[in-house]
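J.: Below is the structure I would like to discuss, written out as structure tokens.
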Amino acid sequence: MNIYIKNMVCNRCIMVVDNEFQKLGYTPVKVQLGEVEVGGELTVEEIAEIDEHLKKFGFEIIDDAKSRLIEKIKNLIIQLIHHSNEEIKENYSTYIESHLNKDYNYLSNLFSDIEGTTIEKYIINQKIEKVKELLVHDELTLSEIAYKLGYSNVAHLSAQFRKVTGLTPTHFKQIKENKRKPLDKV
């Protein structure tokens, strides 16, 4: 049985969720971003108990199909931008469509209806958060960051960064205040 969980966006989240399942006596078969696979079926009461424990950590069990699909889209994007060194050779729409086996127009309209923003804007916001992270760590040049995140050039990255944050990447790097957002708040 698969259980879908909202706001599960990082490796630490996976660890916390896995830990909570085990504390409650359920040993997950597999835990990944936004999803936990448990052996066998769980009762409504067991699911409610797990949900109650997970809410203490800001997580929530998703029980409707459309919300699960939205979380899958978000987790695919987060995985690709924040947790993967894989360079995608196709555009994001094709990538999402092929991984979810659903028409991209349907996914895009559903995402916009439920989230109040487009998938494209969500991707841009995630990429800008990754740029912020990389700027704070100060290990890559702006050109390397642009290449790593699939921007055509530094000017494009800088323009998009400024549009989203109101700052240039260079200015952001200079102030280095806590300007980053948690991934589940992007």
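J.: When you check L33 against the structure, is it open to solvent by less than 70 Å² (accessible area, probe 1.4 Å), more than 16 Å from the chain's Cα centre (by Cα) and touching a residue at least 40 places away in the same chain (Cβ under 8 Å), yes or no?
T.: For L33, the condition - open to solvent by less than 70 Å² (accessible area, probe 1.4 Å), more than 16 Å from the chain's Cα centre (by Cα) and touching a residue at least 40 places away in the same chain (Cβ under 8 Å) - is not met.
J.: Ok, one more. Name the one entry in L76, L80, L107, L54 that is crowded, with 16+ Cβ neighbours inside 10 Å and touching a His at 6+ places or on another chain (Cβ under 6 Å).
T.: Criteria check complete, one pass: L76.
J.: Read through the list (1) under 25 Å from Y95 (Cα atoms); (2) assigned to a loop (DSSP other than H, G, I, E, B), then give the number of the only condition that V164 fails.
T.: All conditions pass for V164, except number (2).
J.: In region 106-142, which residue that is acidic (D, E) and under 28 Å from T170 (Cα atoms) is nearest to the chain's Cα centre (by Cα)?
T.: Here the residue is E129.
J.: Something else: Are any residues in region 1-38 in contact with a strand residue (DSSP E or B) (Cβ under 9 Å, 6 or more places away or on another chain), over 17 Å from S67 (Cβ atoms) and of a type in the set (S, T, N, Q), and if so, which ones?
T.: Of everything in region 1-38, those that are in contact with a strand residue (DSSP E or B) (Cβ under 9 Å, 6 or more places away or on another chain), over 17 Å from S67 (Cβ atoms) and of a type in the set (S, T, N, Q) turn out to be Q22, T27.
J.: Just the residues that are among the β-branched types (V, I, T) and open to solvent by less than 60 Å² (accessible area, probe 1.4 Å), please, taken from region 36-47.
T.: Listed by number, the residues that qualify are V36, V38, I47.
J.: Now for a separate question. So, in region 6-30, how many residues would count as being open to solvent by less than 30 Å² (accessible area, probe 1.4 Å) and either of a type in the set (D, E) or in contact (Cβ under 8 Å) with a residue 12 or more places away in the chain (or both)?
T.: 6
J.: While we're here: Going by what's in this entry, would S143 be described as in a helix (DSSP H, G or I), surrounded by 14 or more Cβ atoms within 10 Å (Cβ to Cβ) and at pLDDT 90 or above?
T.: On the way: in a helix (DSSP H, G or I): yes; surrounded by 14 or more Cβ atoms within 10 Å (Cβ to Cβ): no; at pLDDT 90 or above: yes.
Against the criterion (in a helix (DSSP H, G or I), surrounded by 14 or more Cβ atoms within 10 Å (Cβ to Cβ) and at pLDDT 90 or above), S143 does not qualify.
The values are calculated or read from the model by the stated rules, or taken from the named source; none is laboratory data. What you see is a predicted model; the values in this text were computed from it and never measured. Every residue, glycine as well, gets a Cβ built from its backbone with ideal geometry; the counts of neighbours run over all protein chains shown. Accessible surface areas use protein heavy atoms only, side chains included; no ligands, DNA or RNA. Shrake-Rupley method; radii C 1.70, N 1.55, O 1.52, S 1.80 Å.
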